[in-house]
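Okay, so here's the structure we're looking at.
The values are calculated or read from the model by the stated rules, or taken from the named source; none is laboratory data. Since this is a predicted model, take the numbers as computed values, not measurements. Cβ sites come from the backbone with ideal geometry, for glycine too, and all protein chains shown count toward neighbours. Quick note on the areas: whole protein, heavy atoms, side chains included, nothing else; ligands and nucleic acids left out. Shrake-Rupley method; radii C 1.70, N 1.55, O 1.52, S 1.80 Å.
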Amino acid sequence: MIIVTGATGFIGSNLVAHLNQLGHTDIVIVDWLGTGEKWKNIAKHRFVEFVFPQDFQAFLEKSSGAVEAVFHLGAISSTTATDGDQVVSNNIQFSMNLWNWCAARQVPFFYASSAATYGDGDQGFDDTQDIAPLRPLNLYGWSKQAFDRWALGQQDKGIAPP
């Protein structure tokens with residue numbers, strides 16, 4: 001099975017559509033729908049299970065041997081978010097836990113960073129540069145950069161999914 005977090009958003013739902021086109025229907029969607037119309041983004045796509053993020057850890061533990069890959073696109077992506085605890089929990093801790101789970105089981109892990117990590121662009125937009133001098137302009141950008149920094153540190157220690 002293939003797991004897609006953030007699967008009801010624009011990018012996630014298009015990834016699910018593409019995976020369906022490639023013949024994959026064993027997809028697990030991890031997301032919230034909320035009160036809007038995000039359900040329409042996945043209404044015509046095929047998947048085997050829909051899991052809310054708060055139930056995801058338990059789902060992973062019972063399904064560990066069946067997971068082929070994880071596409072982690074889920075995040076609180078609002079650039080006006082102000083609840084730092086919620087953003088850290090969702091964008092950093094959730095991502096770290098998922099990275100560690102994939103690394104321990106050698107499950108391929110693909111995640112989305114964000115252009116918001118570059119800040120106002122005065123340090124350029126080069127992905128090969130040291131990210132330390134980048135200054136995100138909002139809580140969302142900072143949270144994505146914090147995870148990027150952590151992930152780079154994990155790679156340096158040899159703790160990384162394939």
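The figures follow:
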item: Search result, residues across the range 28-52 that are surrounded by fewer than 16 Cβ atoms within 10 Å (Cβ to Cβ) and under 22 Å from Met96 (Cβ atoms); result: Trp32, Phe52
item: Failed item in (1) hydrophobic (A, V, I, L, M, F, W, C); (2) farther than 18 Å from Pro108 by Cβ; (3) surrounded by fewer than 16 Cβ atoms within 10 Å (Cβ to Cβ), with Ala66 passing the rest; result: (2)
item: Subset of the range 72-82 [open to solvent by 20 Å² or more (accessible area, probe 1.4 Å) and touching a strand residue (DSSP E or B) at 6+ places or on another chain (Cβ under 8 Å)]; result: Leu73
item: Residue within the range 4-11 that is farther than 18 Å from Asp148 by Cα, surrounded by fewer than 18 Cβ atoms within 10 Å (Cβ to Cβ) and over 14 Å from the mean Cα position of the chain (by Cα) present; result: no
item: All helices (runs of 4 or more DSSP H) inside the range 1-120 with 2 or more residues being touching a Pro at 6+ places or on another chain (Cβ under 9 Å) and touching a residue at least 40 places away in the same chain (Cβ under 8 Å); result: 94-105
item: Tally, over the range 97-136, of residues that are of a type in the set (A, V, I, L, M), modelled with pLDDT under 85, more than 15 Å from the chain's Cα centre (by Cα) and exposed (fewer than 13 other Cβ atoms within 10 Å of the Cβ); result: 1
item: Condition broken by Asp85, with the remaining ones in (1) surrounded by 12 or more Cβ atoms within 10 Å (Cβ to Cβ); (2) acidic (Asp, Glu); (3) at pLDDT 95 or above satisfied; result: (1)
